[in-house]
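Q: Take this structure first; my questions come after.
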Amino acid sequence: MSANDRDVALVSTGDELVLGATADTNSAAIARRLVEQGFEPRRFVLLGDDEDALVRELSELSARHVAIVVTGGLGPTLDDVTRHAVARAAGVDLVRDEKVLADLRALFAGRGRELAQANERQALFPSGAEVMPNPHGTAAGFCIEVGGALVFALPGPPREMLPMLEHEVLPRLSRLAASRSVHERREFHLLGLAESTFADMCGPWMGRALDPLIGVTARHGVLTVRLCASAPTRAEAVRAADARAAQIRERFAAWIFSESDLEPASALAKELVSRNERVAVAESCTGGLVAAKLTSVPGISAVFDRGFVTYSNEAKVELLGVDPDLLRAHGAVSGPVAAAMALGAARRARAGCAVSVTGIAGPDGGSAEKPVGLVWFGTCVHGEITVCERRFVVRDRDLVREFAANTALDLLRRALVH
């Protein structure tokens, strides 16, 4: 199977998109569902209401993709040009579908209105196209082959597009996939490892011509590693995916925090709830971000007790019982203070475990000894305290806080597990 046999292009059309008046949410939603079907979204294109430009894109994309999904441009006005562009790219005429036209008239009659002449454009389709009904609007979709690629034209509004994607597009793609290789996927989420270091450690595994194919994305310190194995049969694809997944687990065990949860907060919450472990958090530089991430997980109320935002030294003393002598001797950003914060949070909340964060988020406040990006963490699990530091080499204050919050959550998870 060539790489093109699983490559899909997504095209979103509309002047409102290129002008920034409306965000393109369709492409992301479609891409997620395509990935689940074993297809690879390889190209995202954003176009205005430009018929000639769309014809050029379809002609180019059809040579390198097995399918193209176009959203938008199926309305009744003259700037809705998708049906005309697809017909030109396919080298066919537009023809009127009498059934669609009759259904439109019945729809408008049911609303006590007469079908406007402009709406009759919505009954035009490229000759030979399969019509895809739209029970949620007036713009029926269609699919037709263009230059070897299957082109799907869907309405732009998500409330109309998404049902058509589920009930019309994905079943057709599934049949298309059945005649090609089977795909098996695995996913890993890592924390504490730079993307470049991951690439070095992977070595030749990340070759773009290899199977399984491995890709990695980074966000707020979390690396998401995806692998896709392709084979003629399900059993062969599973064997190939399992073999590479086992190698990834072995090589990156120190950094993998989940194979299902993208967020460290979700992975920690599962551990806390499964153990019925009461938890508290103590934060300085993150200003409540750790608690916010943790409490965003449904069901966490069963174990989350409280959070302490102790930004000043006085707050650390009053709310957490940190010894003022520790603050004078070591400073707020230090291991001893991080340990005292974690212990104080656990004791004040009468919780079995707690995590603390204290650091320098910047952009000011750093020194040669304690630079911006230095963060100390403390964990307390049934009285056993551990501390560690991280130095986040990022220049953005918000990123330091995001990295620190995710790290705190993962450190507590690891302390619970190990």
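Each reported figure results from applying straightforward, stated rules to the coordinates on display, with no laboratory input. All figures in this text were calculated on a predicted structure; none of them were measured in a lab. Cβ atoms come from the backbone with ideal geometry, glycine included; neighbour counts cover every protein chain shown.
Q: Working from Cα positions, state the angle (0 to 90°, nearest 10) between the long axis of helix 397-417 and the longest principal axis of the chain.
A: With both axes taken from Cα atoms, the answer is about 70 degrees.
Q: Specify the inter-centroid distance of region 4-62 and region 390-407, based on alpha-carbon positions, in whole Å.
A: Computed from Cα coordinates, the inter-centre distance equals 34 Å.
Q: Rank by packing, highest mean first: peptides 333-345, 220-232, with packing defined as the count of other Cβ atoms within 10 Å averaged across residues.
A: Top of the packing list down: 333-345, 220-232.
Q: Would you calculate, for the chain, the mean residue ellipticity at 222 nm contributed by helices, counting each DSSP H stretch of 4 or more residues as -39,500 (n - 2.57) and dividing by all residues, to the nearest 500?
A: Value at 222 nm, helices only, nearest 500: -11500 deg cm²/dmol.
Q: Using only the Cα atoms of region 251-351, build the gyration tensor, take square roots of its eigenvalues as a ≥ b ≥ c, and label the shape rounded, prolate or oblate: rounded if a/c is under 1.5, else prolate if a/b is larger than b/c, else oblate.
A: Numbers: a/c = 2.34, a/b = 1.67, b/c = 1.40.
Note, shape of region 251-351 comes out prolate.
Q: Something else: Expressed as a whole number of Å, what is the distance separating the alpha-carbon centroids of region 212-286 and region 70-95?
A: Distance between centres, Cα-based: 43 Å.
Q: What area, in nm² and to one decimal, does the C-alpha convex hull of the chain cast on average over all directions?
A: Reported value for the Cα convex hull: 25.5 nm².
Q: Which angle between 0 and 90 degrees, to the nearest 10, do you get for helix 234-251 versus the longest principal axis of the chain when only C-alpha atoms count?
A: Taking Cα atoms only, the helix is inclined about 30 degrees.
Q: Packing-wise, with mean Cβ within 10 Å as the measure, how do 110-116, 280-286, 372-378 rank, highest first? All intermediate terms of the calculation are to be shown ahead of the outcome.
A: Working: 110-116: 10.3, 280-286: 28.6, 372-378: 24.7.
Per-residue mean Cβ counts within 10 Å order the peptides as 280-286, 372-378, 110-116.
Q: Separate question: Assign unit charges at the C-beta atoms only (+1 for Lys and Arg, -1 for Asp and Glu), then state the dipole size of region 116-224 relative to its Cα centre in Debye, rounded to the nearest 20.
A: 40
Q: What ³J(HN,Hα) values, in whole Hz, does the Karplus curve 6.51 cos²θ - 1.76 cosθ + 1.60 give for region 186-199 when θ = phi - 60°, with x put for Gly and Pro?
A: 9, 9, 9, 10, 10, 9, x, 10, 5, 4, 5, 5, 4, 4
Q: Within 15 Å, Cβ to Cβ, of residue 352, how many net charges do the neighbouring residues add up to if Lys/Arg are +1 and Asp/Glu are -1?
A: +3
Q: Could you give the dipole magnitude of region 182-258 about its Cα centre, charging the beta-carbon of Lys and Arg +1 and that of Asp and Glu -1, in debye to the nearest 20?
A: Values: 10 positive and 8 negative charges, 25 e Å.
Approximately 120 debye in magnitude.
Q: On average over all directions, what projected area in square nanometres does region 3-178 have, based on the convex hull of its Cα atoms?
A: Value for region 3-178: 9.5 nm².
Q: Using alpha carbons only, how many degrees (0 to 90, rounded to 10) separate the axis of helix 51-61 from the longest principal axis of the chain?
A: In the chain, helix 51-61 runs at an angle near 70 degrees to the longest axis.
Q: Going by average Cβ neighbours within 10 Å, how do the peptides 50-57, 403-410, 99-106 rank, with the highest at the top?
A: 403-410, 50-57, 99-106
Q: How many angstrom lie between the C-alpha centres of region 104-159 and region 330-369?
A: 60
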